[in-house]
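One structure below.
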Amino acid sequence: MKPFESRNYKAFTMFADRWALVTTGMLDDFNTCTVSWGSLGNIWGPNDDDMSTVTVYIHPARYTQEFMAKYDTFTVSFFPDSYRQALGYLGSHSGRNEDKVANSGLTPVKIGDDVTFAEAELTFVCRKLYEHQFDEAHLADHVKAFYAANSPVYTRGGHNRWEPHYMYIGEIIDAVE
């Protein structure tokens, strides 16, 4: 058992209650976004030793999505409640147009080859195992209704439509508190 697996991280409430930052890239080329959808679990382990995983969901309109497609690793960082305003800022501004990290007041730091923040109280370092954009044809009707009511509409190929999130499953390769 890896040391972090013995800790109680309140897996069912961490994302919804605390939010998190998903960050990918290297210190000189990274992006981050706030997420409130995610889960901790286990899957795909050899010899009945499943891998500990983090699953996160990133909307395709997010600049971070481009970085998630480009890099093989990412971090998921959780913060004390006192940083809620900074997380709100990072969730409502794009790194395409500004240095949103600097404007948030958080301090990016290197963690291995990846990026987290000095203010984080817990960071999972993850190796990407799987990525896939949800397929509208396979979504339950009430989930389609959610997207129709809550997602911005984008013009793609002359068609106006909403786009569902990408799902990323990452193997937790380290956890830093």
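The values are calculated or read from the model by the stated rules, or taken from the named source; none is laboratory data. All values reported here derive from a predicted model rather than from experimental measurement. Reconstructed Cβ throughout: ideal geometry from the backbone, glycine too, with neighbour counts over all protein chains shown. To get the accessible areas, we keep the full protein, side chains included, count just its heavy atoms, and leave off ligands, DNA and RNA. Shrake-Rupley method; radii C 1.70, N 1.55, O 1.52, S 1.80 Å.
Applied to segment 35-41, the Karplus parametrisation 6.51 cos²θ - 1.76 cosθ + 1.60 on θ = phi - 60° returns per-residue 3J(HN,Hα) values of 10, 10, 10, x, 7, 10, x Hz, with x for Gly and Pro.
Couplings 3J(HN,Hα) of segment 15-22, computed from phi: 6, 5, 7, 10, 6, 7, 10, 9 Hz, in residue order, whole Hz [Karplus 6.51 cos²θ - 1.76 cosθ + 1.60, θ = phi - 60°; x for Gly and Pro].
Both numbers refer to the Cα atoms of segment 65-136; Rg and Dmax are 13.4, 38 Å. Each Lys and Arg adds +1 at its Cβ and each Asp and Glu adds -1 at its Cβ; summed about the Cα centre, segment 80-132 shows a dipole of about 120 debye.
Using Cβ point charges alone (K and R +1, D and E -1), the dipole size of the chain about the Cα centre works out to roughly 520 debye.
Across the chain, the fraction of Cα-Cα pairs farther apart than 24 Å, rounded to a whole number, is 37%. Among the lysines of the chain, pairs at least eight places apart or on separate chains and with Cα atoms under 21 Å apart come to 7. An oblate overall shape is assigned to segment 33-91, the ratio a/c of its alpha-carbon gyration tensor axes (a ≥ b ≥ c) being 1.5 or greater and a/b not exceeding b/c.
Can you tell me how segment 19-67 classifies by the Cα gyration tensor, rounded, prolate or oblate, using a/c under 1.5 as the rounded cut? Taking the square roots of the gyration eigenvalues as a ≥ b ≥ c, segment 19-67 is prolate. Surface composition of segment 32-177: carbon and sulfur make up 47 percent of the accessible area, probe 1.4 Å. Note on ASN103 and GLN133: the extension gain reaches 7.8 nm, defined as 0.36 nm multiplied by sequence separation minus the Cα-Cα distance. Derived scalar couplings between HN and Hα for segment 94-101 equal 9, x, 5, 10, 7, 8, 5, 5 Hz in order, rounded to whole Hz, by the Karplus curve 6.51 cos²θ - 1.76 cosθ + 1.60 (θ = phi - 60°), x for Gly and Pro. Accessible area per residue for the chain is 54 Å², calculated with a 1.4 Å probe on protein heavy atoms, without ligands, DNA or RNA.
Spacing of the modelled spin labels on ASP72 and PHE146, each 7 Å from Cα toward Cβ, amounts to 3.2 nm. Ordering ILE43, GLY95, ILE172 by the projection of their Cα atoms onto the charge dipole of the chain, which places +1 on the Cβ of Lys and Arg and -1 on the Cβ of Asp and Glu, puts GLY95 at the extreme positive end. Database remark: amide H of TRP162 closer than 5 angstrom to the amide H of TYR154 (H placed geometrically; neighbours at sequence offset of 5 or more, or on other chains; Pro and chain starts carry no H). Only Cα pairs under 8 Å and 6+ residues apart enter the sum, and on that basis the relative contact order of the chain stands at 25 percent. For GLU119, nonlocal amide neighbours, meaning residues 5 or more places apart or on other chains whose placed amide H falls under 5 Å from its own, are THR107.
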